[in-house]
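Novice: The structure that follows is given in the form of structure tokens.
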Amino acid sequence: MANSKYEYVKLFEVEDKLMPSTWIVVRIDGRHFQQFSEEHEFEKPNDERALKLMNACAKATIEEFPDIVFSYGFSDEYSFVFKKTTEFYNRRSSKIVSVTVSFFTSVYVMKWKEFFLDKDLKSAPSFDARTICYPSTKIVRDYLARRQDVCHINNQYNTCLWMLIGSGMTESEAQAELVGKQKQDKNEILFQRFHINYAELPAIFRKGSCVFKVRETDSGISVKRGRTEVVIDHCDIIRDKFWKNHVNILKDK
């Protein structure tokens, strides 16, 4: 096709390379996932099987693409952090997004039966994705901290909402009950009315999931000598402790 009369069509391709020397984050979100979860009768407010399926997809994605150094997810979203020096697909946004979200989605379908033994897929799961560039490690950490904060806010609200609905309220009544309520107010509702200590709920619900590579020298996690492994953890990534224990994750590489 060299020097073909049709060669000119390549002039319409848009150059979409991302900024060099920046951390690239690909955030994947479920598309129409409320409808999908209702159709497949996910448990409310959290379906642990669905969360573990998402985690398995994230783990497979990190194993498939070595330039991903960390990922964080909750509910129907996952964020993947590519190392600052990556030249994955020449840093072309469209390529990075499409290959990441398509691989993640295909794994979701392939692994469905591992987590939902009694349920067949009734419709195709669908995810959208975007790329974001962050120039500094601090901003990447702030982005991840923000996502974990959103996880807490959403989970606390949904836990209250579905406990109120389970106690006999309609969804509208439960929503009205929670209008204007602060974090402490919601904790009191859970404890006083339902004898639930929010801090004792499973960390996978409250903190979301971190998927990352660990080496023998990383603190706090047992890894076989000479091995690098991908692990799933449900830990605090807002405070400094995690990052001090895993200083290699966000090193400029």
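The values are calculated or read from the model by the stated rules, or taken from the named source; none is laboratory data. Keep in mind it's a predicted model, so treat the numbers as computed, not measured. Positions of Cβ are backbone-derived with ideal geometry, glycine not excepted, and every protein chain shown enters the neighbour counts. Note: accessible area is taken over every heavy atom of the protein model, side chains too, but ligands, DNA and RNA are not part of it. Shrake-Rupley method; radii C 1.70, N 1.55, O 1.52, S 1.80 Å.
Novice: State all residues of region 70-110 that are surrounded by fewer than 20 Cβ atoms within 10 Å (Cβ to Cβ), polar (S, T, N, Q) and part of a helix (DSSP H, G or I); if no residue qualifies, say none.
Specialist: Selection gives Asn90, Ser93, Ser94, Ser98, Ser102, Thr105, Ser106.
Novice: Kindly list the number of the only condition in (1) open to solvent by 60 Å² or more (accessible area, probe 1.4 Å); (2) out of contact with any strand residue (DSSP E or B) (no Cβ under 6 Å at 6 or more places or on another chain); (3) not in a helix (DSSP H, G or I) that fails for Ser123.
Specialist: (1)
Matching residues to (1) of a type in the set (Gly, Ala, Ser); (2) under 17 Å from the mean Cα position of the chain (by Cα); (3) within 25 Å of Arg141 (Cα to Cα); (4) not in a loop (DSSP other than H, G, I, E, B):
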{"site": "Glu15", "(1), (2), (3), (4)": "no, no, no, no"}
{"site": "Ser21", "(1), (2), (3), (4)": "yes, no, yes, no"}
{"site": "Ile28", "(1), (2), (3), (4)": "no, yes, yes, yes"}
{"site": "Gln35", "(1), (2), (3), (4)": "no, no, no, yes"}
{"site": "Glu38", "(1), (2), (3), (4)": "no, no, no, yes"}
{"site": "Lys44", "(1), (2), (3), (4)": "no, no, no, no"}
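Novice: When the residues of region 4-13 are narrowed to those that are open to solvent by less than 80 Å² (accessible area, probe 1.4 Å) and of a type outside the set (A, V, I, L, M, F, W, C), which ends up farthest from Thr137 (Cα to Cα)?
Specialist: First, the residues of region 4-13 that are open to solvent by less than 80 Å² (accessible area, probe 1.4 Å): 4, 7, 9.
Pick out the ones that are also of a type outside the set (A, V, I, L, M, F, W, C) and you get 4, 7.
Values: Ser4: 47, Glu7: 42 Å.
Only one residue fits best here, namely Ser4.
Novice: Continuing with this model, one more query. Only one of Ser71, Ser106 is touching a residue at least 12 places away in the same chain (Cβ under 8 Å) and small (Gly, Ala, Ser). Can you tell me which? Break it down stepwise before answering.
Specialist: Details: Ser106 fails: touching a residue at least 12 places away in the same chain (Cβ under 8 Å).
The conditions single out Ser71.
Novice: Condition test on Glu177, is it at pLDDT 95 or above and open to solvent by 70 Å² or more (accessible area, probe 1.4 Å)?
Specialist: Working: at pLDDT 95 or above: yes; open to solvent by 70 Å² or more (accessible area, probe 1.4 Å): no.
Here the answer is no, as Glu177 does not meet what is asked.
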